Amino acid sequence: MYRRTVPLVVIAALAVSCSKSQRDARELTVPEPTRQVMGLSFPLEKYELSNSDMHFIYEASDILIRRCMEKNGHEWAPIRFPKAVEDWGSRLHFGLIEIEVAGKFGYSAANELSSPPEVRQVVNQMNKRFAQLGQEEIHQAEKCKNSADLKLTQNATASFARFNDLKEDTFSAARRAPGVLRAEKAWSSCMRKAGFTYTNSSQPGSDPKWMERPAGRPSSEEIATAVADVKCKQSVNLVELRFDAERRLEKESIQKYQNYLNGIASANSRYLDNARDVIARG
C-alpha cells in the first residue's frame, strides 16, 4: 500500500543514507502528475506536514547541525533547500492510475512517482554528504542531530501513532465499502478479459515477477499488465469510488476525534515555529 505517514520527528539531514545499489540506480524522469492525481486531497491531510513544511524543518535542522559541527571542529557542507515543494504523496495511493506512466514505466518508478524532483535532489545531496563523512565526523554529526531534534521538537511533541491508525483504518474500511467491492470484482473481471488473473487491484504492482528487473526497465509483460490495470480501473470507476468512500470516512473520523486532532495540529504548528526561529537567526 502506498500511503505517506506522519512520524513524531522527521529530520532527514543526517538519517538518510544510501546503499551502493541506491547510488548506482538510474534516475528516472517521470511525467508531471495528472489533474486527477493532484485532485486526490484527503481531509486528514490538514493535520499532516506538507513537503514544503518538511523542507523548512530540514533547513532549520541543517543550520543547527552545522553550528554544532563547526563548534566541534568539523565542516558541514550546506545544502540548498527549495522553499516550495509539491506534494505527490497520493499519486500511488490507489496504485498506478496514470496511463502515460503505465505505458512507459509499468510499475518500476514508484520512488520517482511519489517524490517531486526537488525532493529527490535534496535527498541526493544528503546522501553524498553523508558518504563523505569519516567515522569521527559521523559520530559527532549523530550527536549534533540529536541536539537539533530536541530543540526543534521542544513543546511540539504529540502521539502520532493514533493518527496513523486513523488513516490506516479509513483506508482499509474504504476498500470494504459495498460499492468499492463491486468495482474491485468488476476490475478483476476486466483484467481476466485482458489476459491477466488478479483478484484485487493491489496485486499487480507488487507482483514478484517485476521485483528482479532493473528500475526503469519493465518487460513488455509488465507494461501490458500496467496498461490493462489502469484501463480497467478507469472502466469501472474504481479510483473515484474508493476516493469518495475514504474521504467520507476521514470526515467522520475528524468529527469523532476532533480534540485529539487539534492537538496534532498544535504540535505541528509549534514544530514549524521552532524551525522558523532557527532560520530567522541564521
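Values quoted throughout were computed directly from the atomic coordinates according to the rules given, and no laboratory measurement underlies them. Worth saying up front: this structure is predicted, and the values here are computed from it rather than measured. Note that we place each Cβ from the backbone using ideal geometry, even for glycine, and neighbour counts take in every protein chain shown.
Grab every C-alpha pair in region 107-150, bin the distances at 5 angstrom width from 0 up to the longest one, and report whole percents.
P(r) for region 107-150, in whole percents per bin: 5, 19, 16, 18, 16, 13, 9, 3, 0.
Expected output is a single nm value to one decimal: the length gained when fully extending between Ser159 and Ile279, i.e. 0.36 nm times separation in residues minus the C-alpha distance. What is it?
Extra length from Ser159 to Ile279 when fully extended: 40.6 nm.
Please determine, in degrees from 0 to 90 and to the nearest 10, the orientation of helix 258-281 with respect to the longest principal axis defined by the Cα atoms of the chain, where the helix direction is its Cα long axis.
With both axes taken from Cα atoms, the answer is about 40 degrees.
Using only Cα atoms and rounding to the nearest 10 degrees, what angle (0 to 90) does helix 178-193 make with the longest principal axis of the chain?
70
Please name whichever of Ala194, Ser90, Asn51 sits farthest to the positive end of the charge dipole of the chain, dipole taken about the Cα centre and charges placed at Cβ: Lys and Arg +1, Asp and Glu -1.
Ala194
Ignoring everything except DSSP H segments at least 4 long, calculate the 222 nm mean residue ellipticity for the chain; use -39,500 (n - 2.57) per segment, divide by total residues, nearest 500.
On the way: 13 runs with 170 residues, N = 282.
Counting only the DSSP helices, I get -19000 deg cm²/dmol.
So, counting K/R as plus one and D/E as minus one, what does the shell of residues with Cβ under 14 Å around Cys144 add up to?
With Lys, Arg at +1 and Asp, Glu at -1, the net is 0.
Cut-off under 16 Å on the C-alpha distance; same-chain residues fewer than 8 positions from Lys193 excluded. Which lysines are left, in chain and number order?
The reachable lysines, counting only those whose Cα sits under 16 Å from Lys193, are Lys185, Lys231, Lys233.
Given R₀ = 51 Å, FRET efficiency for Lys185-His139 by Cβ-Cβ distance, to 0.05?
0.35
What lysines could a cross-link reach from Lys209, if we take a straight Cα to Cα line under 19 Å and drop same-chain neighbours fewer than 8 places away?
Once the sequence-local lysines are set aside, what remains near Lys209 is Lys104.
Does region 67-205 come out rounded, prolate or oblate, given a ≥ b ≥ c as the square roots of the eigenvalues of its C-alpha gyration tensor, rounded meaning a/c under 1.5 and, failing that, prolate meaning a/b above b/c?
Verdict is prolate for region 67-205.
If neighbour count is taken as other Cβ atoms inside 10 Å, put Val85, Val101 in order from fewest to most.
The most exposed by this proxy come first: Val85, Val101.
Between Ser147 and Ser41, 0.36 nm times their residue separation minus their Cα-Cα distance comes to what?
Length difference between fully extended and current span is 34.7 nm.
What FRET efficiency would be calculated for the residue pair Arg80, Thr29, taking the C-beta separation as r and a Förster radius of 25 Å, to the nearest 0.05?
Computed FRET efficiency for Arg80 and Thr29: 0.75.
Given (1) 1, 6, 13, 16, 18, 16, 12, 8, 5, 3, 1, 0, 0; (2) 1, 5, 11, 13, 15, 15, 13, 11, 8, 5, 2, 1, 0, 0; (3) 1, 6, 14, 19, 20, 18, 13, 7, 2, 0, 0, which label gives P(r) over Cα pairs in 5 Å bins from 0, in percent as computed from the coordinates?
Comparing each candidate, only (2) matches the computed number.
May I ask which residue of Asn146, Leu241, Pro117 lies farthest towards the positive end of the charge dipole of region 12-281, with charges of +1 (Lys, Arg) and -1 (Asp, Glu) on Cβ and the Cα centre as origin?
The Cα lying farthest towards the positive end belongs to Leu241.
Nothing charged except the Cβ atoms of Lys and Arg (+1) and of Asp and Glu (-1): what's the magnitude of the dipole of the chain about its Cα centre? Round to the nearest 20 debye.
The dipole magnitude comes to about 340 debye.
For Ala265 and Lys128 in the same chain, what is the full-extension length gain: residue separation times 0.36 nm, less their Cα-Cα distance, in nm?
Extra length from Ala265 to Lys128 when fully extended: 45.9 nm.
Net charge near Asn155, counting Lys/Arg +1 and Asp/Glu -1 over other residues with Cβ under 15 Å of its Cβ?
Net charge around Asn155: 0.
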